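Okay, structure first, notes after.
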Amino acid sequence: MGCSVATNRGVLVDLSSGEVAPGFYRADPRQLRFTQSDASPNFIDPVTKKPIGTIDSLVADLRAGKVTPDQVGKPLQVVMYEGKPFSIDNRRLTAFNLAEVRDVPIEVVSLKDAGVAKRFFDRFDPIRGEGLNIVITPTSGRTAAQTLLRDQGLIKGKQLGN
């Protein structure tokens, strides 16, 4: 028997129930939490490893109507963890929230998938364990930001080797 996958692409899903089947949905990004304590302001091309834009430029383009959330890469990947929806895509989530977008495509993915679980747990260290906030800092400032957050007891410092 195969796993059933939901495909509710036209209706905003309420993620507050804590139980959402894997599949494609639309959601209000304010429902989503960050998996990391911090992120770079730059989007990087995965092939060339060169910057291709910033959170600020994406916010401006979204606000001006130059792009829609559906044109900004794949749907946000969301993991339901301990009954809470965490986005693996922190920069795009930040941009959607700053642009006050209220309807974005998401893909709820399962931690039963080894690749998803690795990507999620390798970076999972949200502020206060809740992921309601994120610090945006250049790559050169990430270690200092993480150290400060760790020293204040706000994160575990996973990416610092703790």
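Rule-based calculations on the coordinates, nothing more; no lab input. Small disclaimer: the values here were computed from a predicted structure and weren't measured. Cβ placement follows ideal geometry from the backbone for every residue including glycine, while neighbour counts extend to all protein chains displayed.
Below is a table of values for the structure above.
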item	result
Relative contact order (percent, whole number), segment 6-160, Cα cutoff 8 Å, 6+ residue spacing	31
Segment 6-160: C-alpha pair distances exceeding 19 Å, %	54
Computed [θ] at 222 nm, deg cm²/dmol, the chain (DSSP H ≥ 4; -39,500 (n - 2.57); rounded to nearest 500)	-7500 deg cm²/dmol
Footprinting exposure proxy for 17, 37 (fewest neighbouring C-beta atoms within 10 Å first)	17, 37
Which of 155, 106 has the fewest Cβ neighbours within 10 Å, and the rest in rising order	155, 106
Exposure proxy order (Cβ contacts within 10 Å, fewest to most) of 25, 81	81, 25
Sparsely packed GluC sites (Glu not before Pro) within segment 68-133, loop by DSSP, other Cβ within 10 Å at most 12	82, 100, 130
Computed lengthening from residue 67 to residue 42, 0.36 nm per intervening residue step minus Cα-Cα distance	7.3 nm
Point-charge dipole on Cβ atoms (K/R +1, D/E -1) for segment 42-159, about Cα centre, debye to 20	320
Trypsin sites (Lys or Arg not before Pro) within segment 53-162: DSSP coil, no more than 16 neighbouring Cβ in 10 Å	66, 102, 112, 156
